[in-house]
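Q: The structure is given below, and queries will be raised subsequently.
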Amino acid sequence: MSDIKAPKGTRDIFAPEIHKWQYLESAIRAYYGKYLYQEIRTPVFEHSELFSRGIGSETEVVQKEMYTFKDKAGRSLTLRPENTASVVRAAIENNLFETLAPLRFYYIGPMFRYDKPQKGRYRQFQQFGIEVFADDSPQVDAEVIFAAVDFLKKLGIEQVQLELNSVGCPNCRPAYLQLLRRAAQAEAHRLCDDCRRKIDGNPLRIFDCKQHACSEISRGFPVIGDHLCSECADHFAAVREALSWMNVPFLLNPRLVRGLDYYTKTAFEVTSGQLGAQNALLGGGRYDSLIRELGGPDTAAIGFAAGMERIILHLEHLEASRPRILFVACGDPQWLAHAMQLAQVLREEGYPVHLDYQGRNLKKQFKKADRIAAAFTLVLAEDEIRSGTVSVKDMASQEQVKIPLKELNAWLKKNY
């Protein structure tokens, strides 16, 4: 029988890396709580129609990357490839538009896409994101963008670049798409098969092509920024002005289009100068039509999603931030009850404590304390039990002191 291994594109996460994940998740909750975002948790699988309608049937995600299957009743279900459509579905189904204010949500969780695994990019990957409903002001766009860039910088990620564009709206985009379609048809013989297929579906996706030849050809295509209606142009100008108020530098990228069809008006992406080709940390934009298209009220919305694996790659400075461990050792199994009671008291005080239950001698217990990188080993032997004390060994300096048990907590607060 062959060995059972994790499926390609998935991985296990454990110490010490798991400490970075816990740190990042705590930082997300603390930071976005200041902006009054509330956590939302949605199912990891949904009816497939949600994503084909919400994301767009012509997108790469729907066409090639979704994990779709039928359940025992023959219904088509899909592991969520992104979470915005799921959050919108949850808000509609649970009448959140009528019951909660402000309508601000954040999420943390796994997504699934059948893609080529690379560094910081997996088939099961973790995202966090935020969504703001019922606010169509350009200033909230700027706030969302600021909260994305500022959060990354507060994590210690300094080399970030914000790229910004407007992708228009249902009023101005159709006419632009006709211009773009004609330009692409004229160059169809030079485009890859994928891009030729996109001409009739959604030619905006041609700007997403990673093939060098297609990228060069598309540089000659008209850009939507030259064809915005007055509402979109005014909105985009106000977003840029608000970002300048907030001292957020940005680069205008007239060919920036997000990989999902629901975006309208503002679109943005934040990349890292510390990664290679796969350098996108997060991306998002406004999606004012999605809630209505999925059966909800005609409500404005904006948000972003961030790849947590790529953010984790920037958190090398957290290697030394592991919790300091106390190891309780007993000189003889007969003192195990005392050791267990001491460990419980220490845990109640908030200290991480490890206790050896296997009756090893003290020498082996000290070796184990070294292996788990304990800061101090607390020894209970006959002398300590009779005198109401504990011997505390500093595992770094190897110095050892004897302390009355009633003074141990005060000593630890000073020396831990």
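Just so it is clear, none of the values below were taken in a lab; they were calculated from the coordinates. Quantities reported herein were computed from a predicted structural model and do not represent experimental measurements. Here the Cβ is made from the backbone with ideal geometry for all residues, glycine too, and neighbour counts use every protein chain on show.
Q: Please list 3J(HN,Hα) in residue order for the stretch 195-204, calculated via the Karplus relation 6.51 cos²θ - 1.76 cosθ + 1.60 where θ = phi - 60°; whole Hz, with x for glycine and proline.
A: In residue order, the calculated couplings are 5, 4, 5, 6, 4, 7, x, 9, x, 4 Hz.
Q: Let me ask something additional. Work out from phi, with θ = phi - 60° and the Karplus expression 6.51 cos²θ - 1.76 cosθ + 1.60, the ³J(HN,Hα) of each residue of the stretch 131-144, listed in order in whole Hz, and give x for Gly and Pro.
A: 9, 10, 10, 6, 8, 9, 6, x, 5, 6, 4, 5, 5, 4
Q: Mind running the shape call on the stretch 255-400? Use the C-alpha gyration tensor, a ≥ b ≥ c as the square roots of the eigenvalues: rounded below 1.5 for a/c, prolate if a/b tops b/c, oblate otherwise.
A: Since a/c reaches 1.5 and a/b is larger than b/c, the shape of the stretch 255-400 is classed as prolate.
Q: Semi-axes, largest first, in whole Å: what does sqrt of 5 times each Cα gyration tensor eigenvalue give for the stretch 325-415?
A: Numbers: eigenvalues 55, 49, 33 Å².
Semi-axes, largest first: 17, 16, 13 Å.
Q: Which value, in debye to the nearest 20, describes the size of the charge dipole of the chain about its Cα centre when Lys and Arg Cβ atoms bear +1, Asp and Glu Cβ atoms bear -1, and nothing else is charged? Can you show the working numbers first?
A: Values: 54 positive and 52 negative charges, 254 e Å.
In total the dipole reaches around 1220 debye.
Q: Please compare each pair in Lys20/Lys368; Lys20/Lys393; Lys210/Lys265; Lys20/Lys363; Lys154/Lys367 to a cut-off of 31 Å on the Cα-Cα distance and tell me which ones are over it.
A: Details: Lys20/Lys368 24 Å; Lys20/Lys393 29 Å; Lys210/Lys265 24 Å; Lys20/Lys363 33 Å; Lys154/Lys367 39 Å.
Among Lys20/Lys368; Lys20/Lys393; Lys210/Lys265; Lys20/Lys363; Lys154/Lys367, the Cα-Cα distance tops 31 Å for Lys20/Lys363; Lys154/Lys367.
Q: Can I ask one more? Quick query: amide H of Gly331 versus all other amide H atoms, modeled in the peptide plane; which residues come in under 5 Å with a sequence gap of 5 or more or a different chain?
A: Those qualifying (amide H under 5 Å, at least 5 residues apart or on another chain) are Leu380, Ala381.
Q: Once you have the Kirkwood Rh of the chain from its Cα pairs, apply Stokes-Einstein at 10 °C and 1.306 mPa s and quote D in µm²/s.
A: Estimated diffusion coefficient is 64 µm²/s.
Q: Share of Cα-Cα pairs in the stretch 206-297 beyond 20 Å, in percent?
A: 49 percent
Q: For a quick check, take a GNM of the chain with Cα springs below 10 Å and name the residue from Phe366, Phe128, Phe69 with the largest mean-square fluctuation.
A: Maximum fluctuation in the GNM of the chain, among the listed residues, is at Phe366.
Q: Name the most mobile residue of Pro249, Pro352, Pro16, meaning the one with the largest mean-square fluctuation, in a Gaussian network model of the chain with Cα contacts below 10 Å.
A: The residue that fluctuates most here is Pro352.
Q: Return the long-range amide H neighbours of Gln159 (sequence gap of 5 or more, or a different chain), with a cut-off of under 5 Å between placed amide H atoms.
A: Residues meeting the amide H criterion: Gly273.
Q: Which cysteines in the chain lack any other cysteine whose Cβ sits under 4.7 Å from their own Cβ?
A: Lone cysteines by the Cβ rule: Cys169, Cys192, Cys195, Cys232, Cys330.
Q: Among the aspartates and glutamates, which fall within straight-line cross-link reach of Lys119, defined as a Cα-Cα distance under 13 Å, with same-chain neighbours fewer than 8 residues apart omitted?
A: Lys119 reaches Glu309.
Q: For the chain, what does the helix formula give at 222 nm: sum of -39500 (n - 2.57) over DSSP H segments with n ≥ 4, over the residue count, nearest 500 deg cm²/dmol?
A: Value at 222 nm, helices only, nearest 500: -10000 deg cm²/dmol.
Q: May I pose another question? If you count, for each residue, the other Cβ atoms within 10 Å and average over each peptide, how do 181-188, 83-90 line up from highest to lowest?
A: In decreasing order of mean packing, 181-188, 83-90 become 83-90, 181-188.
Q: In whole Hz, with x marking every Gly and Pro, tabulate ³J(HN,Hα) for the stretch 91-108 from phi via Karplus 6.51 cos²θ - 1.76 cosθ + 1.60, θ = phi - 60°.
A: 5, 5, 4, 9, 6, 5, 5, 9, 10, 10, 8, x, 8, 10, 10, 10, 9, 9
Q: Dipole magnitude of the stretch 325-415 about its Cα centre, charges +1 at Lys/Arg Cβ and -1 at Asp/Glu Cβ only, in debye to the nearest 20?
A: Working: 13 positive and 11 negative charges, 47 e Å.
About 220 debye.
Q: Of the residues Trp21, Trp335, Trp245, which exhibits the maximal mean-square fluctuation in a Gaussian network model of the chain defined by a 10 Å Cα contact cut-off?
A: For the chain, modelled as a Gaussian network with Cα springs under 10 Å, the answer is Trp335.
Q: In percent, what relative contact order does the stretch 46-137 have, based on Cα pairs under 8 Å that are 6 or more apart in sequence?
A: 24 percent
Q: Percent relative contact order of the stretch 181-269, based on C-alpha pairs within less than 8 angstrom and at least six residues apart?
A: Values: 57 pairs, mean separation 23.6, N = 89.
It rounds to 27 percent for the stretch 181-269.
Q: Taking H as built 1.01 Å from N, whose amide H comes closer than 5 Å to the amide H of Thr264, not counting residues under 5 places away?
A: Arg286, Tyr287, Asp288
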